[in-house]
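Enquirer: Encoded as structure tokens, here's the structure I'll be asking about.
Nothing in this text is a laboratory measurement; each read-out follows from the coordinates by a stated rule. Predicted, not measured: the structure shown is a model, and the values here were computed from it. Positions of Cβ are backbone-derived with ideal geometry, glycine not excepted, and every protein chain shown enters the neighbour counts.
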């Protein structure tokens, strides 16, 4: 009599039966890609990259918004919430174009930041240069770093 050992691991269950080198899910994805092409992929939306950093006197936000004009942007501050809205417009002659590839996103975007310290909104400055929005938000006096002198005791 031969001794047969059984594997104690549970059997792996897959949601789709596979045949050959393809699974049913992979085959369905391939079919959608083949029929719909680029329409099957989600359209990219613009997300403006930003840096938010702190100095002793202020919070500074720099946001890259290439191709936009200052009038395409709206900056608002409500309490500790800084919101920047904008719209990247498609090329005007885009209606007559037949794209083979379209990766430059367009449309509206909104970025909201929760500021880590209280700022003085009345002293805020916004500058726009070479596609970079530069906001300087001075801290209120209570939020600024205070230096404490150290006395030498002998």
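Enquirer: Fewest Cβ neighbours within 10 Å first, please rank 80, 122 accordingly.
Expert: In increasing order of surrounding Cβ atoms, one gets 122, 80.
Enquirer: Also, I was wondering about something else. Among 73, 82, rank each residue by its count of other Cβ atoms within 10 Å, from fewest to most, as a rough exposure measure.
Expert: 73, 82
Enquirer: At R0 = 25 Å, how high is the FRET efficiency between residue 130 and residue 74 if r is their beta carbon distance? Nearest 0.05 is fine.
Expert: 0.80
Enquirer: For labels at residue 55 and residue 153 in the simple 7 Å Cα→Cβ model, what's the distance in nm?
Expert: Placing both labels 7 Å along Cα→Cβ, they lie 3.7 nm apart.
Enquirer: Something else now. Efficiency by 1/(1 + (r/R0)^6): what FRET value for residue 35 and residue 97, r their Cβ-Cβ distance, R0 = 25 Å, to the nearest 0.05?
Expert: Step by step, r from the Cβ atoms, then E = 0.60.
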